[in-house]
Each structure stands twice: as C-alpha cells, then as structure tokens.
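Engineer: Below is one structure. I have some questions about it.
Computed from the coordinates by the stated procedures, all read-outs in this text should not be read as laboratory data. The structure presented is a predicted model; accordingly, all values stated were derived computationally and were not measured. Cβ coordinates were reconstructed from backbone atoms using ideal geometry, including for glycine residues, and neighbour counts include every protein chain displayed.
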Amino acid sequence: MINIQSLEFEYTHHTPLFQNFNWKISRGETWAILGPSGCGKTTLLYLLAGLKFPSSGEVTINDEQITRPRPHSGLILQDYGLLPWSTVRENVELGVKVRNFYGPDGKHTPDNFIPKDNIESWIQRLGLSEVADKFPAQLSGGQRQRTAIARTLALEPDLLLMDEPFSSLDAITREDLQNLTLSLCEEQNITLVIVTHAIEEAAVLGKKILLLDAPPNQTARIFENPNTGKNGYRNSPEFHAMCERLWSEMHRSAS
C-alpha cells in the first residue's frame, strides 16, 4: 500500500526532519504516529497526502509515486475543514461534487459518478440526519467531526489520514469517535494513519505505532499493538503496559 524509501525532508534553515528514512504500510492496517512536538508527525502525514514532497527519496502508494494529492486518499485535519457558510449536507456533498466534476484522477471527466444516495447514507450512518440542514457553528464538536468523517467516507477512500482529529473533544465524545473510526475502517478495509501527541490515543487507535524522535529521524521505530479495537482493551493490563512502554521510550529518547 504505502512505501517510503530513503526519505529526506527538511525545512529551510532547520535540522532535517528525516534522513534516509524508510517505512512500509500494508493495506487495511491501522497506524498511529506518535512523538514530541517538532519531530515531523504532521509533515509525514502531509508527505503521504501529497501536500509536501521529499527533498530526495520517494513516497509511493499502490506503487504510484506521490507527486500531487491523491483522489483516493482522505485527509481530516484538526479543525475539520468545514465550510462555515454551508450546511452539514452541503459540506458532506462537497468532495463528491468536486470528484464528479474532475473525475477520479483529478484531471479528466469522470466515467462513473458517485451517487447522491451515497451521501445520504453516510449522513444517516454518522447520525447527522437531524442536523443535516444546520451550519457548522450550530453543531457540537463531535457533530462537526462526524460531518468531516462523512464527507471523507462518501468519496470511498482506501486511505484515511487524520491529524489529531479528536484533540479538542471531551473524553466521552472522543472515545465514541475513536471507536467509530476503527469500526468503519475495518468494515470498509480502509488503511488508517493518524497523528497524535497523546500516548493513550496512540495505544487505542494504532495496531502499529510509529514513534518518531527529535529530528533527524533515520529509523522507523515500530511498536506492535495487536489488541487495539478489542472489547475492554482500554481497561486491560496490556493497554496500560503499552502506554507505559511508549512513555518510557519517549522519555528515554528525549533525555
């Protein structure tokens, strides 16, 4: 699915974030990217999204080198990216309208349209039917996030990229949407890559966790977390042991 080879990336007049960095992701896997501020978490996500590009090396998805944003990759940002002057339904429709105009490759007239029924089904599935005609300012944080998820899933992505999407939500809403995201990705066979600064969230969402250090990052430090998503995992000894291990590794690398 995703293959990063010999990645080099740096911002001007800054220490390189990545040097000869390699990382692979298989289809359907769920990954969390964790690390201290300034380590390159969001930059790595933007490299996968085709919003930033390597100084050298390459990023490929399904054997295609990423040189621009990829239509079948969904990106959900921390501020949700909703249009404030559009209703929930109009926001969910937006990506589909763009896709149906430009085509699945972003350049040509489409040969098959995403039907309007697909939009309505995701509005219902995400529990947004009662607020479909309201504007973002009239919604709770959880409803805004559900709208962003519905808009993305209506495009039938095979890759979902999320940048700290639950950080501003209350604990109950955050847990509900974390569980929803995992179940939808499993159901739709979507590969999930989520950036977080919270150790507990990484342990909840990532069956595999990529831990970045202070730059430059040269080695992909990967932690297997196979029990995530199982009932009761959040309260299990295995979950707490994983959190303690990640905390210890982050503390060690920072010292």
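Engineer: State whether segment 122-223 is rounded, prolate or oblate according to the following rule on the C-alpha gyration tensor (a ≥ b ≥ c being the square roots of its eigenvalues): a/c under 1.5 gives rounded; otherwise a/b larger than b/c gives prolate, and the remaining case gives oblate.
Structural biologist: Details: a/c = 2.34, a/b = 1.76, b/c = 1.33.
Here segment 122-223 falls in the prolate category.
Engineer: Right, next: Under 8 Å for C-alpha pairs, at least 6 residues apart: give me the relative contact order for the chain, rounded to a whole percent. Could you put the intermediate results ahead of the total?
Structural biologist: Numbers: 475 pairs, mean separation 70.2, N = 255.
Taking the mean separation of contacting Cα pairs over the length of the chain, I get 28 percent.
Engineer: In addition: Could you work out how much longer the chain between residue 22 and residue 188 gets when fully extended? Use 0.36 nm per residue separation minus the Cα distance between them, nm to one decimal. Can you show the working numbers first?
Structural biologist: Working: separation 166, 0.36 × 166 = 59.76 nm, distance 2.71 nm.
Using 0.36 nm per residue and subtracting the Cα-Cα distance, I get 57.1 nm.
Engineer: Rank 58, 120, 130 by mean-square fluctuation in a GNM of the chain with C-alpha springs under 10 angstrom and give only the top-ranked residue.
Structural biologist: So, out of 58, 120, 130, the one fluctuating most is 130.
Engineer: Another one. Bins of 5 Å, beginning at zero and ending with the bin holding the largest distance: percent of Cα pairs per bin for the chain, please.
Structural biologist: 1, 6, 13, 17, 18, 16, 13, 9, 5, 1, 0, 0
Engineer: Taking chymotrypsin sites (Phe, Trp or Tyr not before Pro) as candidate sites, keep only those in a DSSP loop with at most 16 other Cβ atoms within 10 Å, then name the longest stretch of the chain containing none of them. List each step's numbers first, then the result.
Structural biologist: On the way: sites that count: 11, 85, 113.
That gives 114-255 as the longest site-free run.
Engineer: Stretched out fully, how many nm does the piece from residue 231 to residue 65 gain, at 0.36 nm a residue minus the Cα gap?
Structural biologist: Details: separation 166, 0.36 × 166 = 59.76 nm, distance 3.79 nm.
Here the answer is 56.0 nm.
Engineer: Name the residue, out of 32, 154, 171, whose mean-square fluctuation peaks in a Gaussian network model built on the chain with Cα pairs under 10 Å.
Structural biologist: Fluctuation is largest for 171.
Engineer: So what are the ³J(HN,Hα) numbers for segment 16-32, from phi and the Karplus equation (6.51, -1.76, 1.60; θ = phi - 60°), rounded to whole Hz, Gly and Pro as x?
Structural biologist: x, 7, 9, 9, 6, 8, 10, 7, 10, 10, 8, 4, x, 7, 10, 10, 10
Engineer: Can I ask one more? Just how large is the dipole of segment 172-239 about the Cα centre, in debye to the nearest 20, putting +1 at every Lys and Arg Cβ and -1 at every Asp and Glu Cβ?
Structural biologist: The calculation lands at about 120 debye.
Engineer: Dipole of the chain, Cα-centred, from +1 at each Lys and Arg C-beta and -1 at each Asp and Glu C-beta, to the nearest 20 debye? Write out the running numbers ahead of the final one.
Structural biologist: Details: 24 positive and 31 negative charges, 29 e Å.
Here the size comes out at about 140 debye.
Engineer: Placing unit charges on C-beta atoms (Lys and Arg positive, Asp and Glu negative, everything else neutral), compute the dipole magnitude of segment 115-193 about its Cα centre in debye, rounded to 20. List each step's numbers first, then the result.
Structural biologist: Details: 7 positive and 13 negative charges, 51 e Å.
Once rounded to the nearest 20, the dipole reads 240 debye.
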